[in-house]
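Every read-out reported here was derived from the displayed coordinates using simple, explicitly stated rules and does not represent laboratory data. Remember, it's a predicted structure, so these values are computed and weren't measured experimentally. Please note: Cβ atoms are built from the backbone with ideal geometry, for glycine as well, and neighbour counts cover all protein chains shown.
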Amino acid sequence: MSRRETAADAETNAGASAGKFGRYGGQYVPEVLMPAVEELTDAYERYVLENEDGFVDDFRERLRDFGGRPTPLGRADNLSERYGIDVYLKREDLLHGGAHKLNNALGQVLLAKYMGKERIIAETGAGQHGTATAMAAAYLDMPCEIYMGRTDINRQRPNVFRMRTHGAEVNPVTVGSGTLKEATNEAMRDWATTVENTHYVIGSVVGPHPFPTMVREFQSVISEEAREQAREQLGGLPAAVIACAGGGSNTMGAFHEFVGDEDVDLYAVEAGGSGLGVEESENYAPNSASLGTGSVGVLHGAKTKLLQTVEGQIVESHSVSAGLDYAGVGPELAHLVDEGRVTPVNVGDDAALAAFHRLSREEGIIPALESSHAIAYLEAYEGDGPVIVNVSGRGDKDLDTVIEESEKRDLDEAPDMEVFRA
Amino acid sequence: MSADDVTAAFADGPALVPYVVAGDPSADATERYVEALVDGGADVIELGLPFSEPIADGPTIQEGIRRALDAGMTPERYLDLVRDLDVDVPVVCMTYYNLLLQYGEGDEVETFVEAAADAGVSGLIVPDLPVEESAELEAACEAHDVALIFIVAPTTTAERVERILGRASGFVYVQARMGTTGARTDVSEDTYESLERLPEGDLPYAVGFGVSEREHARAIVEGGADGVVAGSVFVDIVAEAESVEAAAAALREKAAELTAGIADATPGGAPEPETTK
């Protein structure tokens with residue numbers, strides 16, 4: 001696959017911790033899972049890095065025929081005029097399923113098949129990763145169970161239906177706030193019980209090694225294409241790449257092939273929610289900006305930046321976008337921020353909603369609320385053009401939320417909301 | 001108490017290691033519960049320091065942790081509680097790695113280990129810390145004479161067992177079955193297989209995950225274990241009791257039942273399959 005591998009790819013020597021990105025990463029999982037994590041690392045290296053049994057060729061072919069790759073890079077004429085710089089959109093919203101999630105889900109389900117696993121499990125927050133996994137599992141004929149928080153099930157009903165339509169079982173998780181964090185805990189517990197025949201498809205560049213590296217590898221097709229398309233269409237590299245960051249899979253996917261291009265600025269746009277900081281006494285952060293504002297800790301198998309209390313309890317995060325609503329972030333992204341290679345910025349709920357309407361109206365593209373954060377950052381961006389913004393997904397899944405949240409706010413960008421008040 | 005005291009607690013025959021969550025439902029209650037468990041025959045107390053994301057624990061202990069956090073348990077209060085305990089058995093702290101990292105200033109674990117040793121904690125069990133990530137914690141435990149107890153799972157390979165034994169102290173926690181913690185109604189065949197493939201060594205082997213009845217304790221000891229760990233059965237008692245008094249009495253009774261199960265085991269009399277010990 002991509003030629004630019006990090007130290008984490010090579011470092012798997014027995015007895016020492018593997019998959020470090022500077023101080024981040026590692027394998028903080030219960031002993032019962034360690035043999036599975038070792039087995040997966042071995043399979044990742046053989047099939048994905050060394051193309052054993054033609055895995056990579058098979059994967060690329062399926063991404064094209066089933067997924068619809070490559071996705072276009074298109075100039076956004078009206079936004080370009082508005083900001084006075086060339087703005088290009090990488091259209092992951094046009095990937096099968098409507099989001100970048102399929103790149104990873106298809107890669108992992110296919111890998112599980114090559115490994116001889118018989119069952120797929122996954123966690124999901126907004127339901128996009130769950131849907132992508134259910135699609136890939138149906139396509140590759142694997143039984144699939146998705147863990148999803150009760151709160152998320154209630155606010156993402158169409159995606160629950162999509163998963164069921166593809167034949168996946170959706171297991172509601174009722175503990176805690178019933179969102180992504182709890183769903184991930186529960187998926188890890190399932191895996192600890194069924195690890196011998198089950199592969200756990202983690203949905204982002206998080207978790208124990210090799211997941212952060214492997215998921216980034218599957219997603220880096222985004223930047224591989226974008227870099228090539230930029231050379232063809234722009235005649236060179238962009239000045240900046242902008243992508244939203246929750247766990248960070250579209251971010252790492254959009255950045256990876258540009259990391260070595262030092263003149264290309266990389267902006268990771270986090271959810272600023274309704275305000276920054278952690279409300280200690282409430283165990284709550286009104287945002288999901290772990291990369292820019294969090295502190296170092298260990299969650300879900302990796303050392304990374306987290307939203308937590310001073311004592312180390314993980315807090316409930318917030319974003320109007322369910323897909324960004326997570327208290328952690330990928331360890332490689334945390335490292336690239338420490339190194340000064342990636343700039344973390346944030347955009348609040350209001351600005352993201354405004355950007356949702358702006359892109360819909362001015363470019364005829366309804367973006368996911370996650371991607372709307374990246375679009376919104378153009379308002380604050382002061383650097384040169386051309387810029388590439390990763391439109392990680394389409395916004396059809398968010399329409400109920402957008403109607404409700406736009407009504408509350410009276411946004412200038414929104415259409416007249418009167419018609420929706422029935 | 002020191003790391004050696006943890007090992008020594010297994011010297012006079014197979015030991016009972018009960019677990020409760022500190023602060024479930026209050027620090028004062030936990031003090032009473034620990035005393036009751038020791039009255040019932042506990043040789044080591046495993047005291048949970050609650051973390052918000054307990055990925056190695058099943059529903060029963062998750063709920064106990066939730067109750068303790070809601071009631072305001074913190075690492076600082078936990079250490080105060082251990083300091084106030086008036087029992088003559090070693091106390092082992094079970095918690096998750098992030099709480100160790102966050103204690104004190106900066107991204108290191110020694111501050112916690114030092115404070116824990118000072119409060120009277122004799123050992124640590126950190127279920128989300130595999131041996132590969134444990135070098136820093138091992139050094140801190142060594143420096144402050146605290147036992148570092150590792151879990152061996154049914155999936156653990158022979159190579160990994162060796163690696164784990166090379167770094168473990170106190171005792172070795174043998175996970176009897178796949179999955180997470182939680183009371184069960186039988187003893188898993190995995191238990192016997194796990195015990196069979198463990199080499200003779202200096203450290204005692206204590207078996208946990210799913211132990212809830214006298215018969216389990218007997219079967220585990222007959223299978224060759226040096227100790228029995230039981231958690232969810234005690235956390236269940238705490239959850240269901242109508243008062244602290246009632247809970248303490250029931251905890252004492254359950255601990256005594258498991259102690260009797262351990263005594264029932266005929267030394268050397270192995271159930272099938274045959275064991276090596």
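A few notes on this one:
- Check on A:Val337, within 14 Å of chain B (Cβ to nearest Cβ) and surrounded by fewer than 24 Cβ atoms within 10 Å (Cβ to Cβ): no
- Selection status of A:Gly312, at positive phi and crowded, with 24+ Cβ neighbours inside 10 Å: yes
- Any chance B:Val229 is away from every other protein chain (no Cβ under 14 Å), in contact with a His (Cβ under 6 Å, 6 or more places away or on another chain) and either buried (at least 22 other Cβ atoms within 10 Å of the Cβ) or at positive phi (or both): no
- Pair list, Cβ under 8 Å, 6 or more apart: the range A:219-230 residue without any contact (Cβ under 8 Å) to a residue 60 or more places away in the chain, other residue in a helix (DSSP H, G or I) and of a type in the set (A, V, I, L, M, F, W, C): A:Ser223/A:Ala254; A:Ser223/A:Phe255; A:Ser223/A:Phe258; A:Arg227/A:Phe258
- Extreme residue, farthest from A:Gly207 (Cα to Cα), among residues of the range A:312-358 that are in a loop (DSSP other than H, G, I, E, B) and touching an Asp or Glu at 6+ places or on another chain (Cβ under 6 Å): A:Val320
- Single match in A:Ser281, A:Ser274, A:Ser360 (criterion: surrounded by fewer than 24 Cβ atoms within 10 Å (Cβ to Cβ), more than 24 Å from B:Tyr97 (Cβ to Cβ) and within 14 Å of chain B (Cβ to nearest Cβ)): A:Ser281
- Qualifying residue in the range B:158-180 (condition: more than 14 Å from every other protein chain (Cβ to nearest Cβ), of a type in the set (A, V, I, L, M, F, W, C), under 24 Å from B:Phe234 (Cα atoms) and surrounded by 19 or more Cβ atoms within 10 Å (Cβ to Cβ)): yes
- Only residues that are part of a helix (DSSP H, G or I), more than 13 Å from chain B (Cβ to nearest Cβ) and in contact with a strand residue (DSSP E or B) (Cβ under 8 Å, 6 or more places away or on another chain) were counted in the range A:157-200, giving 4.
- When residues of the range B:192-215 are limited to those that are among the small types (Gly, Ala, Ser) and part of a loop (DSSP other than H, G, I, E, B), the one surrounded by the fewest Cβ atoms within 10 Å (Cβ to Cβ): B:Gly201
- Of everything in the range B:41-69 that is farther than 15 Å from B:Val235 by Cβ and more than 10 Å from chain A (Cβ to nearest Cβ), the residue that is surrounded by the fewest Cβ atoms within 10 Å (Cβ to Cβ) is B:Gly41.
- Applying the condition of being over 16 Å from the mean Cα position of the chain (by Cα) and away from chain A (no Cβ under 14 Å) to the range B:181-190 and asking which residue is surrounded by the most Cβ atoms within 10 Å (Cβ to Cβ) yields B:Val187.
- Tally of residues being within 23 Å of the chain's Cα centre (by Cα) and closer than 14 Å to A:His209 by Cα across the range A:24-76: 12
- Among the criteria (1) over 24 Å from A:Lys305 (Cα atoms); (2) charged (D, E, K, R); (3) touching a residue at least 60 places away in the same chain (Cβ under 8 Å), the one A:Arg361 does not fulfil is (3).
- A:Gly203 vs. criteria of a type in the set (Gly, Ala, Ser) and surrounded by fewer than 19 Cβ atoms within 10 Å (Cβ to Cβ): no
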